[in-house]
Amino acid sequence: MLELAINGGKPIRETYLAYGKQWINENDIDAVVECLKGDFLTTGPAVKRFEQKVADYVGSKYAVAVANGTAALHMACFAADIGEGDEVIMSPMTFAATANCVLYQKGTPVFADIDSKSYNIDPKEIEKKITDKTKAVIPVDFTGQSVDMDQIKEIAAKYNLCIIEDAAHAIGTEYKGSKVGSLADMTEFSFHPVKTVTTGEGGVITTNSTTLYEKMIMFRSHGITKDHSKLFYDDGPWYHEQQLLGYNYRITDIQCALGLSQMDRIDDFIRRRREIVKQYNNAFALTDEIITPFEEDFSNSGWHLYVIRLKLDKLRVTRKEIFEALIAENIGVNVHYIPVYYHPYYQDLGYKKGLCPNAEKIYEEIITLPLFPGMINQDVEDVINAVNKVLSYYRK
Ligand SMILES: *Cc1c(COP(=O)(O)O)cnc(C)c1O
């Protein structure tokens, strides 16, 4: 048997392979340089063009671009009027930002358990958590797989809830043939470098509602409007009003120039992600120690993450040893996610472990393998070989 790198053997790779990474080409660089030579570094024509391109791509009426995905979620919670005493239901199997955005607005995150096959929020669990204080639900398209939006919409209609879809993983994902971003009241996308398309840092909310759109535009820039048709009082051409308490969440033209150029290649990015996933699925189909990702019929995933689940009863060690052994092989594995309420900040707010048993069990067993479109076939082979090497070493 091959000696593991962690025990002094030769690693599968000489160099470290990240779990996710941007793919920048000359066109991207030229687009940014072009912007730097122009008149606008921020809030110029590139922002509007980027917003239009994202809206057109997903099939929504509006898009509002901001500094990052977290700011986008905060803006959506503001537009949805989340405030003190309001409860917002979400999965704990997500990045902390999904819940933090509710706290920013002094609302209360309420965690509902996930389905143990798709790892997405279970609509039945949403319904169990509804009270007369529930105002919104934030379903996350975990790894890029769409939530069952029809079921969630039915619940939202029944209890009059706003749906803010956290699609940070899911630009390009289709639900029953429609692009994610056209379905919920508001949908958030992130353009962080590990996500499918990047602007360095960046976030977008898409919506079909003019009311929500107008609130978000003001919130993004201090709550100030310069639109003279909207002023309560008009003291002259210079006049503008701060009508609500907003933030400076603006995105730059430099970032949007990059985003525009990246959006030209989104279909290629997703095609390559799907290809790599197929290679992983084929390679691991008969590997007894892992469960490969389950795919819902209604979702055509854009594949942000490839999450495997270990069958710990077939292994001599826990996830920690497998994880460390893969890192030693120079494979940049990760864990998505630590249940949000495990974080000390949330524990201090009074959330107790045991709240969402499926999420907690799955958390113990998952590992994210590298997945990004710039991976070459040798990288994919290295990941497969490293997983097989480590699992065969530790199998019972
Ligand atoms: C990346 C991400 C966000 C937003 O993150 P930013 O880094 O602020 O763009 C929100 N939710 C989830 C699930 C994410 O993965």
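Just checking, which of TYR175, TYR247, TYR213 is among the aromatic types (Phe, Trp, Tyr), within 19 Å of the chain's Cα centre (by Cα), at pLDDT 95 or above and assigned by TED's automatic domain parsing to the domain that holds TYR104?
None of the others qualify; the one that does is TYR175.
In the set GLU241, GLU296, which member is more than 24 Å from ALA31 (Cβ to Cβ), of a type outside the set (Phe, Trp, Tyr) and under 19 Å from the mean Cα position of the chain (by Cα)?
Only one candidate passes the filter, namely GLU296.
Which condition number in (1) of a type in the set (A, V, I, L, M); (2) in contact (Cβ under 8 Å) with a residue 12 or more places away in the chain; (3) more than 26 Å from TYR159 (Cα to Cα) is the one that ILE29 fails?
Result: ILE29 passes all but (2).
Give the residue that is most open to solvent (accessible area, probe 1.4 Å), with candidates limited to residues of the range 185-224 that are among the aliphatic types (A, V, I, L, M) and within 14 Å of the ligand (Cβ to nearest atom).
Within the range 185-224, the subset among the aliphatic types (A, V, I, L, M) is 186, 194, 197, 204-205, 212, 216-218, 224.
Applying the additional criterion that residues be within 14 Å of the ligand (Cβ to nearest atom) yields 186, 194, 197, 204-205.
Working: MET186: 0, VAL194: 23, VAL197: 1, VAL204: 0, ILE205: 0 Å².
Per the criteria, the residue is VAL194.
Looking at (1) within 15 Å of the chain's Cα centre (by Cα); (2) at negative phi; (3) open to solvent by less than 50 Å² (accessible area, probe 1.4 Å), which is the one condition that is false for ILE163?
Failed condition: (1).
Checking LYS158 against (1) open to solvent by 60 Å² or more (accessible area, probe 1.4 Å); (2) under 22 Å from GLU87 (Cα atoms); (3) in contact (Cβ under 8 Å) with a residue 40 or more places away in the chain; (4) not polar (S, T, N, Q), only one condition comes out false. Which one?
For LYS158, the failing item is (3).
For (1) in contact (Cβ under 8 Å) with a residue 60 or more places away in the chain; (2) among the aliphatic types (A, V, I, L, M), each residue gets a yes or a no:
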{"site": "LYS21", "(1), (2)": "yes, no"}
{"site": "THR43", "(1), (2)": "yes, no"}
{"site": "LYS48", "(1), (2)": "no, no"}
{"site": "ALA63", "(1), (2)": "yes, yes"}
{"site": "ALA80", "(1), (2)": "yes, yes"}
{"site": "GLU87", "(1), (2)": "no, no"}
{"site": "GLY107", "(1), (2)": "no, no"}
{"site": "VAL110", "(1), (2)": "no, yes"}
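Would you check which residues across the range 30-53 are under 25 Å from the mean Cα position of the chain (by Cα) and either assigned by TED's automatic domain parsing to the domain that holds ILE384 or not hydroxyl-bearing (Ser, Thr, Tyr) (or both) and list them?
VAL32, ALA46, VAL47, LYS48, ARG49, PHE50, GLU51, GLN52, LYS53
Can you tell me which residue among ALA112, ALA96 is within 30 Å of LEU260 (Cβ to Cβ) and either buried (at least 24 other Cβ atoms within 10 Å of the Cβ) or among the hydrophobic types (A, V, I, L, M, F, W, C) (or both)? Before you say what the answer is, go through the steps one by one.
Working: ALA112 fails: within 30 Å of LEU260 (Cβ to Cβ).
On inspection, the qualifying residue turns out to be ALA96.
Within the range 62-74, is there a residue that is modelled with pLDDT of 95 or more and either away from the ligand (no atom under 16 Å from the Cβ) or basic (Lys, Arg) (or both)?
yes
The values are calculated or read from the model by the stated rules, or taken from the named source; none is laboratory data. Computed from a prediction, not measured in an experiment: that's the story for all the values here. Cβ sites come from the backbone with ideal geometry, for glycine too, and all protein chains shown count toward neighbours. Surface areas here come from the heavy atoms of the whole protein model, side chains and all, with no ligands, DNA or RNA. Shrake-Rupley method; radii C 1.70, N 1.55, O 1.52, S 1.80 Å.
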